[in-house]
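Working notes for the structure below.
The values are calculated or read from the model by the stated rules, or taken from the named source; none is laboratory data. Small disclaimer: the values here were computed from a predicted structure and weren't measured. Here Cβ is always computed from backbone atoms with ideal geometry, including for glycine, and neighbour counts include all displayed protein chains.
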Amino acid sequence: MKNKYMKLLSVFIIIFCVGIMIVLVKAYFDGEFDSVETLQAYIKRFGLFGPVVLTVIQAAQVVVPILPGFLGCSAGAVMFGCWGGFICNYIGISIGSVAAFFLARKFGMRLVGSIFPESKFEKWSARAGNSKSFTAFLFAAMVLPLFPDDFFCYFTGLTQMKVRKFIWIIILGKPWCILAYSIAFSLIK
């Protein structure tokens, strides 16, 4: 009986996630994510659920890396202030990062190769492979801006790194760059 409920819950979660992705892809093609202004207008339409929508968008932009993450960070900071934007962005990006790791772990190189160009994979995997400590390299990539964080979340899912270690790197490494973006963009108001 428990197994039946777990399967039903899994099907519901999959349908829910596919539905969210369809809505976000439609919004993307409708031009809702072309700039900070269009993204802000899109999020404002959801009223009180705006922070939830921003969090979902930030999680989705890691899993389906078609949007730059700073776009959501800037929209969140301007709309919800430094700390409100930071919380939405940090939670969303962290959830998306862990989801990307698990997707790569489950579906392997076939998925990662379909998302990222081979040249990008070769370039960054060679750099990561040449580092003395991939853990330190990954942590630095999460802390510093302008690294291809989304790629490294997927790439790490292909490695033997333990899930717990990856999650701790996300929890401790991700907030710094997001906080810097939140502070910078909240001053724009």
Residues of the range 64-76 being among the hydrophobic types (A, V, I, L, M, F, W, C) and either without any contact (Cβ under 8 Å) to a residue 60 or more places away in the chain or under 16 Å from residue 48 (Cα atoms) (or both), which ones? 64, 66, 67, 71, 75
Has the range 66-87 got at least one residue that is surrounded by 19 or more Cβ atoms within 10 Å (Cβ to Cβ), aliphatic (A, V, I, L, M), out of contact with any Phe, Trp or Tyr (no Cβ under 9 Å at 6 or more places or on another chain) and part of a helix (DSSP H, G or I)? yes
Hey, does the range 17-33 have a residue that's closer than 20 Å to residue 98 by Cα, among the hydrophobic types (A, V, I, L, M, F, W, C) and touching a Leu at 6+ places or on another chain (Cβ under 8 Å)? no
Those residues of the range 70-118 which are small (Gly, Ala, Ser) and under 25 Å from residue 162 (Cα atoms) amount to 92, 94, 96, 97, 99, 100, 104, 108, 113, 114
Determine, yes or no, whether residue 141 is free of Cβ contacts under 8 Å to residues at least 40 places away in the same chain, surrounded by 13 or more Cβ atoms within 10 Å (Cβ to Cβ), more than 21 Å from residue 56 (Cα to Cα) and among the aliphatic types (A, V, I, L, M). yes
Looking at the structure I just gave you, is residue 59 modelled with pLDDT under 95, closer than 19 Å to residue 166 by Cα and among the aliphatic types (A, V, I, L, M)? yes
For the range 98-189, list the helices (runs of 4 or more DSSP H) that sit wholly inside it and hold at least 2 residues that are over 17 Å from the mean Cα position of the chain (by Cα); which are they? 118-130, 134-143, 163-186
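Test of understanding: among 185, 152, which residue is among the hydrophobic types (A, V, I, L, M, F, W, C), surrounded by 17 or more Cβ atoms within 10 Å (Cβ to Cβ) and farther than 27 Å from residue 81 by Cα?
None of the others qualify; the one that does is 152.
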Considering only the range 30-63, state which residues are part of a helix (DSSP H, G or I), over 30 Å from residue 106 (Cα atoms) and free of Cβ contacts under 8 Å to residues at least 12 places away in the same chain. 37, 38, 41, 47, 48, 49
